[in-house]
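Accompanying notes for the structure given below.
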Amino acid sequence: MKYIEIKAPAKINIGLKVLSKREDGFHNLLTLFYPINDLYDTLIFEKSNHFSFSCDAENIPKDDSNLIVKAKNILEIETNKKINVQIK
């Protein structure tokens, strides 16, 4: 397998209730989402010797402030494994 392609559907937040504040500074949430399957982002994960993230949209950050990059960094810390993949 050379790559994995995943469609991440958009969603509408129908309801959102902010609950108690957690010790990490974030809040617990009670929410109800409705997926919009015809509107989605396509993510492509490809094996690599290093990590890279690219995106065609100019307004999407490509650095450590990006949620995909943050998730990859947390996964590396939690698993104690280096993740070498190209994400497009």
Looking for something free of Cβ contacts under 8 Å to residues at least 60 places away in the same chain and touching a Pro at 6+ places or on another chain (Cβ under 6 Å) - is there at least one such residue anywhere in the stretch 58-81? no
Scanning for something acidic (Asp, Glu), surrounded by fewer than 10 Cβ atoms within 10 Å (Cβ to Cβ), at pLDDT below 95 and over 15 Å from Ile4 (Cβ atoms), does the stretch 43-57 turn up at least one residue? yes
Filter the stretch 1-24 down to residues that are outside any strand (DSSP E or B) and at pLDDT 95 or above, then give me how many there are. 3
Positions within the stretch 26-38 being under 29 Å from Ile87 (Cα atoms) and either exposed (fewer than 10 other Cβ atoms within 10 Å of the Cβ) or not aliphatic (A, V, I, L, M) (or both), in sequence order: Phe26, Thr31, Phe33, Tyr34, Pro35, Asn37, Asp38
Across the stretch 8-23, what is the number of residues that are loosely packed, with under 10 Cβ neighbours inside 10 Å, closer than 29 Å to Leu43 by Cα and not hydrophobic (A, V, I, L, M, F, W, C)? 1
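The values are calculated or read from the model by the stated rules, or taken from the named source; none is laboratory data. Quick caveat: nothing in here was measured; it's all calculated off a predicted structure. Please note: Cβ atoms are built from the backbone with ideal geometry, for glycine as well, and neighbour counts cover all protein chains shown.
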